[in-house]
């Protein structure tokens, strides 16, 4: 919970072994996004993405078992390779879901990139925890993809 506003906001950071330009491409090019997006075991069989301010995106996510579901949103700010801000909305929401804003910022750190995520506000701590798990596993997959390209 953000003490100043009372809002439930998720904040995560990781350091990745590639320059900001490459990380930004991993975040915004569909052929690269599908290699790492989503928790362990999830795949992304379809991505529609219009990378312009006001442009929309839509991902179909397939869990290891069960029916695919969708997330979508709108790009609010695009500043390659330093910042990407977009709305995040589940198309098949649970009652505790609401549209949030995800803010990804990149900063050079040595030969790598520090990636910081802020997302919210969320309605419940359970939704924060769900997104924390999803982003953490996604960032771990991104790290593995970058290390494997070697």
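For the chain, the 222 nm mean residue ellipticity estimated from helices alone, with every DSSP H stretch of n ≥ 4 adding -39500 (n - 2.57) and the total spread over all residues, rounds to -7500 deg cm²/dmol.
Taking a quarter of the surface of the Cα convex hull of the stretch 1-71 gives a mean projected area of 7.1 nm². Counting Cα-Cα pairs of the stretch 72-150 in 10 Å increments starting at 0 gives whole-percent bin shares of 16, 43, 31, 9, 0.
Would you please state the base-10 log of I(q)/I(0) at q = 0.19 1/Å for the chain, with intensities from the Debye formula using one equal scatterer on every alpha carbon? Values, matching the q order: -1.31. Result for the chain in a Gaussian network model with C-alpha springs under 10 Å: among 51, 130, 104, the largest mean-square fluctuation is at 130. The mean sequence separation of alpha-carbon pairs under 8 Å and at least six residues apart, normalised by the residue count of the stretch 91-150, gives a relative contact order of 27 percent.
Take every Cα pair under 8 Å in the chain that's 6+ residues apart, average their separations, divide by the length, and report that relative contact order as a whole percent. RCO, the chain: 29 percent.
We did not get these values from a lab; they are worked out from the coordinates using the rules stated. A quick note: this is a predicted structure, and the numbers were derived from the prediction, not measured.
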